[in-house]
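The values are calculated or read from the model by the stated rules, or taken from the named source; none is laboratory data. Please read all numbers here as calculations on a predicted model, not as lab measurements. All Cβ positions, glycine included, derive from the backbone under ideal geometry; neighbour counts span all protein chains shown. Heavy atoms of the whole protein, side chains included, go into the accessibility calculation; ligands, DNA and RNA do not. Shrake-Rupley method; radii C 1.70, N 1.55, O 1.52, S 1.80 Å.
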Amino acid sequence: MIAINKLVLAILGPTASGKTSVAIEIAKKNNGVIINCDSRQIYKEMLIGTASPSDEEKEEVPHKLFNFLSPQLQFNASDYAKAASEAIKETWAESKLPILVGGTGFYYSAISEGLGEAGSDSDLANQLQRELDQKGLSYMVEKLGKLDSEATNTIDVNNSRRVLRAIEIVISTGKPFSENKPVSLLPEAVFHPVVVSRTRELLHERIALRVKQMFEEGLENEVKHIIEKYGINAAAISSIGYREWLEFFEGKINLDEVKELILIHTRQYAKRQETWFRKKPGVPIIYLDDINEKDVISQI
């Protein structure tokens, strides 16, 4: 029997899969607190494009780590692990169940498995990001290969965030990436992850409906506001649902093309998310189109 003050439930999965509604019902039945595990829902003033929980949803059960960070600021997995560990400890202290909810697999790994001892070097990370922006991903992969050829065989070299993080670790520690062993911030925690998803066809339908709703709710004005207030180089503008508007505001593409780009990029992201979660051993995947939501909740 797992002691409730050590348990951390995680409802994970691709975008538009239905994580939020399942998590809210579980939280209501188990005195739970929903803790964000999405790398874009951390940003304030970006509610529509990130599909952040509504005010009504936040009133149903307590939420933590949502919409608190300025869009101009960087926030990496190390930052998340620190913030999430504090939120989990606070929730335990309140005698409530922490429920991580989101689709950012790297964030979940950071809090559940830990990050390497290298931690983070924000100045170096910013320098490497500028280098990536100027010279491209292939250059950065080549740079990593020169520093640590083995690292390029152990990480996803198509993921710019992973490549930059590996370079940061190798430079800051002076050791091979493989020697950067994970250190958990919550060694006492017992994590219970569940992945919810949909079949590909239904997931694409739900993504299309979500994008349509975002446009109806005023996504264009939200993006315009963020750009006017924080500039086109703000960290959060790289998010799907935001970066696609840059060419529109420059008069290079029309509104239908913006919508199509967001659809394509969101579908691609959902596929990457599901692939990542599928590779995690021992984590069950529940397809919500095959089972009643109430039955899902009773199984978790």
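In table form, for the structure just shown:
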quantity: Cβ crowding within 10 Å averaged over residues, with 283-289, 212-218 ranked highest first; calculated: 283-289, 212-218
quantity: Farthest toward positive dipole pole in segment 149-300 [+1 Lys/Arg, -1 Asp/Glu at C-beta], among I167, N180, Y287; calculated: N180
quantity: Calculated log10 I(q)/I(0) by the Debye sum over Cα atoms at q = 0.08, 0.14, 0.15 Å⁻¹ (choose from (i) -0.51, -0.98, -1.08; (ii) -0.36, -1.16, -1.33; (iii) -0.46, -1.08, -1.14), label; calculated: (ii)
quantity: Sequence ranges 147-156, 192-201, ranked by mean other-Cβ count within 10 angstrom, highest first; calculated: 192-201, 147-156
quantity: Segment 126-235 - percent relative contact order, Cα under 8 Å, separation 6 or more; calculated: 15 percent
quantity: Size of electric dipole in segment 129-235: Cβ of Lys, Arg +1 and of Asp, Glu -1, about Cα centre, debye, nearest 20; calculated: 120 debye
quantity: Too-long pairs where the Cα-Cα distance tops 27 Å, listed order kept, from K181/K280; K44/K181; K135/K279; K44/K135; K146/K252; calculated: K44/K181; K135/K279; K44/K135; K146/K252
quantity: Three-way shape call for segment 187-300 based on the alpha-carbon gyration tensor, with the a/c threshold at 1.5; calculated: prolate
quantity: Pairwise centroid distance, computed over Cα atoms, of segment 183-242 with segment 7-55, Å; calculated: 11 Å
quantity: Cα centre as origin, Lys/Arg/Asp/Glu Cβ charges: segment 157-205 dipole, Debye; calculated: 160 debye
quantity: Rounded to the nearest 10 Å², the accessible area of S138 at probe 1.4 Å; calculated: 100 Å²
quantity: Given K28/K89; K19/K229; K82/K175; K82/K212, the pairs whose alpha carbons are separated by over 28 Å; calculated: K19/K229; K82/K212
quantity: Estimated FRET transfer efficiency (E90, S70; beta-carbon r; R0 35 Å; 0.05); calculated: 0.95
quantity: Point-charge dipole on Cβ atoms (K/R +1, D/E -1) for the chain, about Cα centre, debye to 20; calculated: 640 debye
quantity: Interchain or long-range residues, amide H under 5 Å from L69's placed H; calculated: Y43, K44
quantity: Lys/Arg +1, Asp/Glu -1 at C-beta; the chain dipole; positive extreme among I232, M140, T15; calculated: M140
quantity: Listed peptides 29-40, 48-59 by packing density, highest first (mean Cβ within 10 Å); calculated: 29-40, 48-59
